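Peer 1: Can you keep this structure in mind? I'll have questions shortly.
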Amino acid sequence: MKKAGSALFRMGNVRFFFRESTRSQTSTFWVFCDDVDEAYTDLIERGADIREQPEDKPWGLRQFTVHDLFENQFYFFHDL
């Protein structure tokens, strides 16, 4: 039986804990942050797989999208 891996990622005051899953289904996460553009720059420097650059959305959020190695989707956002 394969053991699942895990990782801890820290960005400012926020800590993310990731755990590998044996399921084939991907997940979506919404991550609120104080400054989307700062988070974007930080994640770019770390080599993140950015799928959508920061932009102001018509629904009142500034957001960008990142995928992890397992194609899970993360929306980083803040209110406009």
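The values are calculated or read from the model by the stated rules, or taken from the named source; none is laboratory data. A quick note: this is a predicted structure, and the numbers were derived from the prediction, not measured. Just so you know, the surface numbers come from the protein's heavy atoms only, side chains and all, with ligands and any DNA or RNA stripped out. Shrake-Rupley method; radii C 1.70, N 1.55, O 1.52, S 1.80 Å.
Peer 1: Quick one: Debye curve from the alpha-carbon atoms of the chain only, equal weights, vacuum; give me log10 I(q)/I(0) at q = 0.19 Å⁻¹ to two decimals.
Peer 2: For the requested q values the scattering log ratios are -0.86.
Peer 1: Would you grab the residues whose amide H sits under 5 Å from the one on PHE29? Only those 5+ places off in sequence or on another chain, please, with H modelled 1.01 Å from N.
Peer 2: Amide H neighbours of PHE29, under 5 Å, 5+ apart: GLN73, PHE74, TYR75.
Peer 1: In whole Hz, what ³J(HN,Hα) sequence does the stretch 66-80 give by Karplus (6.51, -1.76, 1.60; θ = phi - 60°), x for Gly and Pro?
Peer 2: 10, 10, 8, 5, 9, 6, 5, 10, 10, 9, 9, 8, 8, 6, 7
Peer 1: Would you mind checking the tilt of helix 36-45 against the longest principal axis of the Cα atoms of the chain, expressed as 0 to 90 degrees and rounded to 10?
Peer 2: On a 0 to 90 degree scale, this one is about 50.
Peer 1: Out of residues 5 or more away from MET11 or on other chains, whose amide H comes under 5 Å of its own, with H placed 1.01 Å from N in the peptide plane?
Peer 2: Counting only residues 5 or more places away or on other chains, the set is PHE16.
Peer 1: In addition: Please work out how much accessible surface PHE32 shows to a 1.4 Å probe, ignoring ligands, DNA and RNA, in Å² rounded to 10.
Peer 2: Answer for PHE32: close to 110 Å² accessible.
Peer 1: Moving on to the next point. When only Cα pairs under 8 Å and 6 or more residues apart are kept, what is the percent relative contact order across the chain?
Peer 2: 27
Peer 1: Give me a comma-separated list of calculated 3J(HN,Hα) values for the stretch 47-54, in order, Karplus coefficients 6.51, -1.76, 1.60 applied at θ = phi - 60°, integers in Hz, x for any Gly or Pro.
Peer 2: Using θ = phi - 60°, the values come out as x, 5, 8, 7, 9, 8, 6, x Hz.
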